[in-house]
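The values are calculated or read from the model by the stated rules, or taken from the named source; none is laboratory data. The model shown is predicted, which means the values in this text are computed figures rather than measured ones. Positions of Cβ are backbone-derived with ideal geometry, glycine not excepted, and every protein chain shown enters the neighbour counts. Ligands, DNA and RNA are excluded from the accessible area calculation, which covers all protein heavy atoms including side chains. Shrake-Rupley method; radii C 1.70, N 1.55, O 1.52, S 1.80 Å.
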Amino acid sequence: MERVEECVSFLVGKAAQRISRRAKELLAPHDVTPPQYAVLKVLFDGDGLSAREIGDRLAIDGATITGIVDRLEKAGLVERRDHPVDRRVHRLVLTGRARNLAGPLDVAMDQLNEEARALLGESAGVVYEGLKALSGR
């Protein structure tokens with residue numbers, strides 16, 4: 001490698017910055033951040049999970065997931081409810097406000113994916129598979 005701009009770390013980092021910036025722009029009208037969207041999306045797929053279950057699925061550490069959930073709760077998008085058996089665990093439940101955002105948030109992220117696929121052109125499928133491999137998914 002002759003130039004740092006040819007390094008996979010540099011390229012992936014710059015691409016991540018660009019995608020993250022655009023995701024923030026698309027989600028901003030809904031007052032949701034990309035990490036908050038990820039947690040909400042998991043709950044849209046199956047309400048009532050614990051923060052740990054969500055963190056495990058998204059590969060987010062405990063302190064980070066707690067902060068995200070705290071902000072979602074403060075925004076009135078999730079509620080913590082006691083687990084029926086284990087009082088040390090709380091289940092996260094979507095509020096009506098969050099359920100109403102499901103469609104608009106998905107539309108925003110679908111737009112992000114469409115924009116990325118358009119930039120990538122015919123190589124989009126290969127790039128997505130490569131990103132999955134690099135991320136360990």
Nearest 20 debye, what's the magnitude of the dipole of the chain about its Cα centre given +1 on Lys and Arg Cβ and -1 on Asp and Glu Cβ?
420 debye
Counting Lys and Arg as +1 and Asp and Glu as -1 over every other residue whose Cβ sits under 15 Å from the Cβ of I60, the net charge comes to +1
Applying a 10 Å radius around every beta-carbon, put 128-137, 69-78, 40-49, 16-25 in order of their mean neighbour count, most first.
69-78, 40-49, 16-25, 128-137
Pairs of Lys in the chain closer than 20 Å at Cα, counting only those 8 or more apart or on different chains:
6
Tell me the label-point distance for the pair A118, S135, using the 7 Å Cα-to-Cβ offset, in nm and rounded to one decimal.
2.1 nm
Between E79 and D45, the two model label points (7 Å from Cα along the beta-carbon direction) sit apart by a distance in nm of 2.5 nm
Three-way shape label, the stretch 95-137, alpha-carbon gyration tensor, a/c 1.5:
oblate
Helix 124-135 axis, angle to the chain major axis (alpha carbon atoms, nearest 10°)
60 degrees
For mean projected area of the Cα convex hull in nm², which listed value, (1) 9.9; (2) 7.4; (3) 9.1, comes from the coordinates shown?
(1)
In square angstrom, rounded to the nearest 10, how much accessible surface does T33 have for a 1.4 Å probe?
60 Å²
Apportionment of accessible area to carbon and sulfur, the stretch 1-42, percent (1.4 Å):
58 percent
Whole angstrom only: what separates the Cα centroid of the stretch 4-22 from the Cα centroid of the stretch 105-125?
16 Å
Between 0 and 90 degrees, rounded to the nearest ten: what's the tilt of helix 62-74 against the longest Cα principal axis of the chain?
70 degrees
Going by alpha carbons, how many degrees (0 to 90, nearest 10) lie between the helix axis of 96-120 and the longest principal axis of the chain?
10 degrees
